[in-house]
Amino acid sequence: MNLKWHWFAGIAAVFVYVCAVIIGGLLYPGYSHISQDISQLTSTNSPIRELMNIFFFYNFLVAFFGCGLFRLSKNKFSRIGACSVILIGVLGFIIGWFPINTRGTEITDTGIVHLTIVSIISVLTVING
């Protein structure tokens, strides 16, 4: 069973995420990595929102990596863990259509969906940790 592309996807996902956050923060005028959440890079009024579509690619890589974990799984618990990694990628992909509201603007239903999905991703991430 050749899983090298799945492992490569996992490594690439980390690289893509870190680069997107650092470069996005540098290109977003007034953005602060310390006081603003990463979702603000993709917010409704973000001047770099289109550039941040790189997160779609990141989430595809996460889901693909999770598929490799699933193929390698030998018991129920490792399959559950692999499925949750896949779910993190899928939910991350979906969240792209539900941008958070830019700071200082009124929260909308789209922003609420964003926060709900982020909450689920956060719980799944902690469980997998």
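The values are calculated or read from the model by the stated rules, or taken from the named source; none is laboratory data. This structure is a prediction, so every number in the text was calculated from the model and none was measured. Virtual Cβ from ideal backbone geometry, glycine too; neighbours counted across all protein chains shown. The protein model used for the area step is the full one, side chains on, heavy atoms only, and it has no ligands, DNA or RNA in it. Shrake-Rupley method; radii C 1.70, N 1.55, O 1.52, S 1.80 Å.
Can you tell me which residues in the range 87-102 are farther than 16 Å from Phe57 by Cβ and of a type in the set (A, V, I, L, M, F, W, C)? Steps first, answer last, please.
Kept after step one, since they are farther than 16 Å from Phe57 by Cβ, are these residues of the range 87-102: 87, 98-102.
Leu87, Phe98, Ile100 - these are the residues of the range 87-102 that are farther than 16 Å from Phe57 by Cβ and of a type in the set (A, V, I, L, M, F, W, C).
Pairs, please: C-beta under 7 Å, at least 6 apart or cross-chain, first residue more than 20 Å from His33 (Cβ to Cβ) and in the range 6-21, second in a helix (DSSP H, G or I) and of a type in the set (A, V, I, L, M)?
Going by the 7 Å Cβ cut-off, the qualifying pairs are Ala9/Leu61; Ala12/Leu61.
May I ask you to list pairs of residues, at least six apart or on different chains, whose Cβ atoms are under 8 Å apart, with the first in the range 39-52 being farther than 20 Å from Ile117 by Cα and in a helix (DSSP H, G or I) and the second being open to solvent by 10 Å² or more (accessible area, probe 1.4 Å) and aliphatic (A, V, I, L, M)?
Note: pairs meeting the criteria are Leu51/Leu27.
Is it true that some residue in the range 70-87 is in a loop (DSSP other than H, G, I, E, B), open to solvent by 70 Å² or more (accessible area, probe 1.4 Å) and either of a type outside the set (Gly, Ala, Ser) or modelled with pLDDT under 95 (or both)?
Yes: the range 70-87 contains one or more residues that are in a loop (DSSP other than H, G, I, E, B), open to solvent by 70 Å² or more (accessible area, probe 1.4 Å) and either of a type outside the set (Gly, Ala, Ser) or modelled with pLDDT under 95 (or both).
Just to be sure before I move on: is Phe65 touching a residue at least 40 places away in the same chain (Cβ under 8 Å) and aromatic (Phe, Trp, Tyr) in the structure I sent?
Judged against the criteria, Phe65 is a match.
Count, please, the residues in the range 96-129 that happen to be under 15 Å from the mean Cα position of the chain (by Cα), open to solvent by less than 30 Å² (accessible area, probe 1.4 Å) and within 25 Å of Arg49 (Cα to Cα).
Of the residues in that region, 5 qualify.
Looking at the range 88-112 only, could you name the residues that are assigned to a helix (DSSP H, G or I) and under 26 Å from Gly30 (Cβ atoms)? It would help to see each step written out before you state the result.
Pass one, the range 88-112, residues assigned to a helix (DSSP H, G or I): 88-95, 109-112.
Scanning the range 88-112 gives Gly92, Ile95, Thr110, Gly111, Ile112.
Would you confirm, using the coordinates I've provided, whether Ile34 is of a type outside the set (S, T, N, Q), part of a helix (DSSP H, G or I) and surrounded by fewer than 21 Cβ atoms within 10 Å (Cβ to Cβ)? Working first, answer last.
On the way: of a type outside the set (S, T, N, Q): yes; part of a helix (DSSP H, G or I): no; surrounded by fewer than 21 Cβ atoms within 10 Å (Cβ to Cβ): yes.
So Ile34 does not fit the description; no.
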